[in-house]
Amino acid sequence: MFKTFEEAKKYCADNEIKQIDFKMVDLDGRWRHLSIPVDRFTEDTMTAGIGFDGSNYGFAPVENSDMVFIPDLSSAAIDPFVDVKTLTMIGDVYVIALPENYLFDQNPRSVTQHAVKYMQEQGIADKMMIGPEFEFHVFDDASFAVTPNESFYSFDTDQAEWNSGAEFPNDGYHVRKEKGYHIAAPLDRTYDFRSAVCEVLEANGIKVKYHHHEVGGPGQVEIEVEFGELTEMADKTLLLKYIVKNMAVEDGRTVTFMPKPILDEAGNGMHVHMHLFKDGEPLFYDPDGYAQLSKTAMCFMGGILKHIAAICAFTNPSTNSFKRLVPGYEAPVTVGYATANRSAVIRIPAYAKAPDKKRFELRNPDATCNPYYAYAAILMAGIDGIKNEINASDYNWGPFDFNLFSLPPEEQAKLEGLPKNLDEALDALEADHDFLMADGVFPERLIKIWIEKRRADAAQVNRTPHPAEFALYYDL
């Protein structure tokens, strides 16, 4: 929004801004924030920064946790969800040190920026452009609890099939199980909400490609956005989630991006479309290649497929992630690539034929990821594939131009599969992370902290009695 501090201050004066808000990303990928009165926003803020305790963000040990936040003026925007007129911005994190502060290498935004810089310095490409698809559920209410004597979750949406027998008044319009794809009103009760969200997204610089109801009957929807540069799109991923969730609350609803909130319904992915450009020219197009993909594209794809199990630790970092990655719900389970095939982990859209549109889509990620780490991990795997010429066509990764779920069990057994749970993904990351550490993009300390924290999540879930266990075993 601004190029200079003077522009920002003038805008604040002209528009009666009262508060300046700073949003920072923690280890998990949640926004945190702090605010200052507009009169305290000075040029010193842009150099000395705003101090905070990094240990509470999951980054640094307490004995070395003093950090400062330096705002990025270009990210400034009006926050539409507060009563006091507020200008908000994201930025970068620095460690307080002598003789001068230095960029914190574990900070999510720093990792993404470093990955892009490494790609450029290697002469591979000038920029990586990505376009995520955001799937989520819109509910009318949701509640959950985990206590020593109680464990449950409960949610509802009026359009769900389970409400077809609800007492009067009931209009009779309910979406059948797994029949929600592109469903129209009056069955689709989320259209006005989605349209309103997209208006706010557009106003905040997030260009929307389209939005629609998804397969899941109980309020599953999708918003797909136009392509953006890697760090920019990581910023916009968090902004989109912030806008969607806050607008849901204002509308008397609630939203979740959980990968698998509903048993036996389609889950929520965050498919990532990607391609590379150098000197303004697309690098993934070759009219004579498989699906018109170049050798560069095939090697980038090969790097991702080689390291996909380790990448899952960042792209699918929740225990719930792997409840989505199961056969039968259009989620990928097989390591491989194909054209227009949603059962492989990499899908090449058949409709993207122009040179500057030629790309492929990674289908396993979901929105419980920290987008900065996830997008950077994908890029680092692709760089490794290009540097080491890991051409996807040279391995048993496809092309799988058929429904992988329909193969006989003996044939499916020959295929490489994605991790089946979070612990398997973390095991893979422990065994395979050198490609992430090239040029120090992912510090080893960050990888260790990430594995430690995610293992703690898995251990907590594993030791918690599950309601389904009571149904199975209570009377034994």
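The values are calculated or read from the model by the stated rules, or taken from the named source; none is laboratory data. Just so we're clear, the structure is a prediction, and the values are computed from it rather than from any experiment. Note that each Cβ is placed from the backbone with ideal geometry, even for glycine, and that neighbours are counted across all protein chains shown.
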Item to complete: Take Ala309 and decide whether it is over 24 Å from Leu230 (Cα atoms), touching a Pro at 6+ places or on another chain (Cβ under 8 Å) and part of a helix (DSSP H, G or I).
Response: no
Worksheet item: So which residues in the range 402-411 are closer than 20 Å to Ile308 by Cα and either among the aliphatic types (A, V, I, L, M) or not in a helix (DSSP H, G or I) (or both), if there are any at all?
Response: Leu404
Worksheet entry | Test for Pro218: is it touching a Lys or Arg at 6+ places or on another chain (Cβ under 9 Å), within 30 Å of Lys387 (Cα to Cα) and buried (at least 20 other Cβ atoms within 10 Å of the Cβ) | no
Discussion item. Could you go through the range 87-106 and let me know if any residue there is at pLDDT 95 or above, buried (at least 20 other Cβ atoms within 10 Å of the Cβ) and more than 21 Å from the chain's Cα centre (by Cα).
Written reply: yes
Fill in: Residue ID - nearest to Ile378 (Cα to Cα), chosen from residues in the range 413-440 that are without any contact (Cβ under 8 Å) to a residue 24 or more places away in the chain and of a type outside the set (A, V, I, L, M, F, W, C)
Asp434
Worksheet item: Quick check: anything in the range 107-121 touching a helix residue (DSSP H, G or I) at 6+ places or on another chain (Cβ under 8 Å), farther than 30 Å from Lys358 by Cα and not small (Gly, Ala, Ser)?
Response: no
Response to the item:
Residue hits (the range 3-20; in contact with a helix residue (DSSP H, G or I) (Cβ under 9 Å, 6 or more places away or on another chain) and of a type outside the set (D, E, K, R)) are Thr4, Phe5, Ala8, Cys12, Ala13, Ile17, Gln19, Ile20
Worksheet item: Which one of these is exposed (fewer than 14 other Cβ atoms within 10 Å of the Cβ) and among the charged types (D, E, K, R): Asp72, Asp39, Asp28?
Response: Asp39
Worksheet, complete the sentence: Exactly one of Val225, Val175 is under 22 Å from His271 (Cα atoms) and either touching a residue at least 24 places away in the same chain (Cβ under 8 Å) or touching a strand residue (DSSP E or B) at 6+ places or on another chain (Cβ under 7 Å) (or both), and that residue is Val225
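The rows are residues; the columns are (1) assigned to a helix (DSSP H, G or I); (2) at pLDDT below 90.
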| position | (1), (2) |
| --- | --- |
| Phe168 | no, yes |
| Glu178 | no, yes |
| Asp188 | no, no |
| Val221 | no, no |
| Asp235 | yes, no |
| Leu240 | yes, no |
| Lys245 | yes, no |
| Ala248 | yes, no |
| Met258 | no, no |
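For the range 149-166, which positions are in a loop (DSSP other than H, G, I, E, B) and surrounded by fewer than 16 Cβ atoms within 10 Å (Cβ to Cβ)?
Matches in the range 149-166: Asn149, Asp158, Ser164, Gly165, Ala166.
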Worksheet item: Looking at Asp439, is it more than 22 Å from the chain's Cα centre (by Cα) and either within 30 Å of Leu103 (Cβ to Cβ) or modelled with pLDDT of 95 or more (or both)?
Response: yes
Fill in: the range 297-322: number of residues that are polar (S, T, N, Q) and surrounded by fewer than 24 Cβ atoms within 10 Å (Cβ to Cβ)
3
Practice prompt. Return the only residue of Asp21, Asp44 being of a type in the set (Asp, Glu), outside any loop (DSSP other than H, G, I, E, B) and either modelled with pLDDT of 95 or more or surrounded by 15 or more Cβ atoms within 10 Å (Cβ to Cβ) (or both).
Written response: Asp21
Item to complete: Filter the range 371-400 for residues that are in a loop (DSSP other than H, G, I, E, B) and surrounded by fewer than 24 Cβ atoms within 10 Å (Cβ to Cβ) and give the result.
Response: Asn388, Glu389, Ile390, Asn391, Tyr395, Asn396, Pro399, Phe400
Discussion item. Suppose we filter Asp126, Asp141, Asp105 for residues that are among the acidic types (Asp, Glu) and more than 30 Å from Ala381 (Cα to Cα); which single one remains?
Written reply: Asp141
Discussion item. Condition first: in contact with a Ser or Thr (Cβ under 7 Å, 6 or more places away or on another chain), part of a loop (DSSP other than H, G, I, E, B) and crowded, with 24+ Cβ neighbours inside 10 Å. Can you find one or more residues in the range 337-357 that meet it?
Written reply: no
Discussion item. Test of understanding: among Ala367, Ala344, Ala374, Ala310, which residue is in contact (Cβ under 8 Å) with a residue 24 or more places away in the chain, in contact with a His (Cβ under 9 Å, 6 or more places away or on another chain) and under 30 Å from Val461 (Cβ atoms)?
Written reply: Ala310
